[in-house]
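In what follows, a single structure is set out as structure tokens and then discussed.
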Amino acid sequence: MRSGFKLAPSILSADFSDLRSALDICNAGGAHWIHVDVMDNQFVPNLTIGPPVVSSLRPVTQKFIDVHMMVIDPEELVEPFAKAGADNITFHIEATNDPEGIIDLIRSCGSKVGVSIKPKTPLEDIFPILDKVDVVLVMSVEPGFGGQGYLPESNERIGRIRSYLEENCLDRVLIEVDGGIKLHNAKQVIDAGADVLVAGSEVFKSTRPIDTIKDFYQLSAQ
């Protein structure tokens, strides 16, 4: 197993009236990243949060803020999220005809760069740019809603990406997986090659969220 596994609890599943408590849970559990799902009701059928929420989180956490933009025209939101304090900004390969332009824009704003891919999009669409990003985010559900079941074919896709990265000396690129991640399937996703797991409802709908975060890290150590 690769070292350095990270859990990225998604605040989409947290209590929006008390996001400070969500951050406290992540701190107490030892989560490394905070995952922020951005949806525009156009690229995906849901509407969520924007840069002001990230701006409100930034002064009260030292955690790595991981922004996942599920939006059309992602280039329009790069600078606002970077200024709000995003450590990593991920765009969808399906949302642009100029991925290298968006990569350059994100870098110029001082954030790390991620590219995400939907379950039915050929992996070959992202292979040519993986040497230019820091994170590749594999969607293991169709993006748009939390609480969906993990698509088992995602393991094979994760494995193919891992093989590509290793064959091309790109081990520095992290594989992040988002969608349907639970304690009962986390180990197989990590074993498939994931470095970062996004977990929303499993953490924030738990009766013992702090322990749940710790349980993820125990699994990664096995």
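What follows draws every value from the coordinates through simple rules; no lab data is involved. These numbers were taken from a predicted model, which means no experiment stands behind them. In this analysis, Cβ positions are derived from the backbone assuming ideal geometry, glycine residues included, and neighbour counts consider all displayed protein chains.
Quick notes
- Which numbered condition PHE81 misses (of (1) touching a residue at least 40 places away in the same chain (Cβ under 8 Å); (2) assigned to a strand (DSSP E or B)): (2)
- Some residue of segment 132-152 being surrounded by fewer than 17 Cβ atoms within 10 Å (Cβ to Cβ) and assigned to a helix (DSSP H, G or I): yes
- Every condition in (1) free of Cβ contacts under 8 Å to residues at least 24 places away in the same chain; (2) of a type outside the set (A, V, I, L, M, F, W, C); (3) exposed (fewer than 15 other Cβ atoms within 10 Å of the Cβ) holds for SER206 except the one numbered (3).
- For segment 28-41, filtering for residues that are surrounded by 15 or more Cβ atoms within 10 Å (Cβ to Cβ) and of a type in the set (S, T, N, Q) leaves 0.
- Segment 65-78 - residue that is over 16 Å from CYS109 (Cα atoms) and free of Cβ contacts under 8 Å to residues at least 40 places away in the same chain and, of those, surrounded by the fewest Cβ atoms within 10 Å (Cβ to Cβ): ASP73
- Entry remark, segment 61-110: residues being over 15 Å from ILE34 (Cα atoms) and not hydrophobic (A, V, I, L, M, F, W, C) number 19 in total.
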